[in-house]
Amino acid sequence: MTKPTIVWRAGHVHCPTAPDATAIATEGDTITWIGEAGLAPKADRTVDFGDALITPAFVDSHAHIGGTGATLLGFRPGEARSGADLLDRLASHAGELPTDAIVLAHGWDETTWPEPVLPTPDELERAGGGRRVYLSRTCGHTGIASAGFLADHPELAAYDGYDASGTLSRDAHRQARARAMAVVPASQRLQTSEAALRHAASLGIAALVENFIPIDSDPAAEEEFRGLLDLGSKPHLPDVYGWWGEPQAAERARDLGAYGCGGDLSVDGSIGARTAALNEDYSDDPGNRGVLYYSAEEIRDHLLNCHHYAMPAAFHAIGDAAIDTVVEGFSLAAETLPLTEIRSARHRIEHVEMLSTESAAAMVHFGLHASVQPAFDAAWGGEEAMYATRIGEKRSLEANPWSQMHGIGIPLALGSDSPVTALDPWGGVKAAANHHNPAHSLNPEAAFSAATKGGWRALGVPDAGKLTPGMKAYFAAWDLKDATPEQWSDALAPAPECLATVAAGETLTTERLTSENTTMLYVTQLFGGQESRPALNWLSLLPYGGRRPRCRTPDQTPGDNERRGRLDLLCFHANWTRRRRRPHRRQRPGPASVVRRSGRAVAEGDRPRKDGAPRQQCDAGHPDGSALVRRSRPEAAAHQHWDWEKPVCKGT
């Protein structure tokens, strides 16, 4: 059978081997040619995107598709700005439902409220008008239940994490959600999943990795999982790769058609719920170091089971104690399995937020991939947000060391963990290139590669993620004229609009879901919490967006980048947050200007003079009126710090 041939024309094609390319030719699901449109081969048809930009399509390497669809189509607790506001919104929505409805929703975040006081079971019961209510926190690791719901399920009291106050965590939370979901048939769940996949396609996402969490008390779990994989096989929807999150169940996962066994197999919980397993106490909860759900021996047993059935394994690990436990499990497995077999299996760790140097070395040793979510740092990282409250400013700024991971050879794949944070691949690239701690930022090219090629690499798909002849035709067209990732990843630039997404040579069906065009699919179920997620407000949440830049203090030593002669954030132009939105239009820098290198702000004083000698002083003004004096590079290496003076400000 002859495969159809298509020429896809655009203003520019992002192809490192053909920098002047303006067209792609495909035959079936394969790219056969890339070059200038005027030289394109004959084809059965031509698709013209005008002056758009074509890039590789995105892969979301960690998502919960059913929860994403349900969130997009229903009630949104994440929009609540206080406990009282949450109750008011719940009462408004529940009042439109039958009296026997169950209200199941996701997304509230008490750390964004002026007073983080959760509603009581009785308050939820009254707001729901007597209906059963269960609302999950944005992290997905804890929830609150109404009095009626708790009364209907007294067996929940036997599970770890049960609290009579109505706040459930750990096993009790998972069992409560499963009991609420059990009343929703798989057919209705798959309707919301299909809506989520169409929405993903509208964002330039051509493949998603589903992290499915089966619960024994949910009778429709297997049917839903098989249905998700079937949706991913349809030509008009993005590909779906499924992780079956059950311990030591590789045979079952294989029979269900899963890509691997594990995924969100939680070794610990989340920082927001104070259940991520830490080596030191939580800053706002002394004596609490979180929870370890699995031991190193259990991780070893899961790995041996996966290798027996030739399946990859993955583990959810956020805290440093959890990550240490996972790599210890790999060390135990290596006593039985050949190291080459472990390295070639494409095992991965999900999240990997608080990574120690020793565990990073172990990840390299065992060839582990890191599936990371940059939106977590954008929403909750830095010196002032939730992470700083939970684990302290120091550990918050040390979390998510993507640059170091990339630099030592840990393969990265970006994801959203949607609906925890929204499907937003460009937002993920921007967040990865603009970490709250600049030393941890990826350069824009690496961030974009981790969001595209990195996802395919982690899945063991070597012929996708790049636009070169012989590769699979997975790409997207954007209303962008700029041609480099450095320009795309500018935190101040608006998100580009996706004109089309192509997967395996097929144009996908897209439907952007917003609060204006969504409709309820469930009669007795409400889900919510994503469209107003603070992580979408990149300008206000990314480092220095709308806030005063903070320079290094005299008692802090330079980071690795500074030791290599590259300043992380030595000084800033006073108008940094109000600079032009088109930084690629470079002008001749003045003595108090800032230039951009690899997504970071770097002092003009770091540039050598025309005679080759290093500049001795940077005259750029700090916003507090002081000037930062830099030693020459040899002196800086010896003194390992930067000296401050307090002269008269020369200008702002």
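The values are calculated or read from the model by the stated rules, or taken from the named source; none is laboratory data. Here the structure is a predicted model, which means the values were calculated and not measured. Note that we place each Cβ from the backbone using ideal geometry, even for glycine, and neighbour counts take in every protein chain shown. When the accessible area is computed, the model is the full protein with side chains, heavy atoms only, and any ligands, DNA or RNA have been set aside. Shrake-Rupley method; radii C 1.70, N 1.55, O 1.52, S 1.80 Å.
Taking a probe of 1.4 Å, how large is the accessible area per residue of the range 255-350, in Å²?
It amounts to 35 Å² per residue over the range 255-350.
Per q in 0.17, 0.19, 0.21 Å⁻¹, report the Debye log10 I(q)/I(0) for the range 259-370, using one uniform scatterer on each alpha carbon and no solvent.
Listed by q, the Debye log ratios stand at -0.72, -0.88, -1.05.
Mind running the shape call on the range 44-138? Use the C-alpha gyration tensor, a ≥ b ≥ c as the square roots of the eigenvalues: rounded below 1.5 for a/c, prolate if a/b tops b/c, oblate otherwise.
Verdict is prolate for the range 44-138.
Taking just the C-alpha trace of the range 177-331, give me its Rg and Dmax in Å.
Radius of gyration, then largest Cα-Cα span, for the range 177-331: 17.2, 52 Å.
Over the range 251-378, what is the relative contact order in percent, taking alpha-carbon pairs closer than 8 angstrom and at least six residues apart?
So the answer I get is 24 percent.
Assuming R0 = 60 Å, can you tell me the calculated FRET efficiency for the pair ARG81 and ASP463, based on Cβ-Cβ distance, to the nearest 0.05?
Computed FRET efficiency for ARG81 and ASP463: 0.80.
Using only the Cα atoms of the range 375-461, what semi-axes does the equivalent ellipsoid have when each is the square root of 5 times a gyration tensor eigenvalue? Give whole Å, largest first.
After diagonalising the Cα gyration tensor, the semi-axes are 22, 15, 11 Å.
Taking θ as phi - 60°, what are the ³J(HN,Hα) couplings along the range 61-74 by the Karplus curve (6.51, -1.76, 1.60), each to the nearest whole Hz, with x for Gly and Pro?
Listing the rounded values in order: 7, 7, 8, 10, 5, x, x, 5, x, 5, 5, 5, 9, x Hz.
Thinking of the range 97-142 as a set of Cα atoms, what percent of all their pairs are more than 18 Å apart?
34
List, largest first, the extents of the alpha carbons of the range 303-348 along their principal axes, each in whole Å.
Rounded to whole Å, the extents work out to 28, 19, 16 Å.
Between the alpha-carbon centers of the range 326-344 and the range 13-70, tell me the distance in whole angstrom.
39
Apply 1/(1 + (r/R0)^6) to the Cβ-Cβ distance of THR509 and LEU39, taking R0 = 30 Å, and write down the FRET efficiency to the nearest 0.05.
Efficiency at R0 = 30 Å is approximately 0.40.
Within the set LYS394/LYS430; LYS42/LYS481; LYS42/LYS430; LYS394/LYS466, which residue pairs have Cα atoms separated by over 31 Å?
Where the Cα-Cα span goes over 31 Å, the pairs concerned are LYS42/LYS430; LYS394/LYS466.
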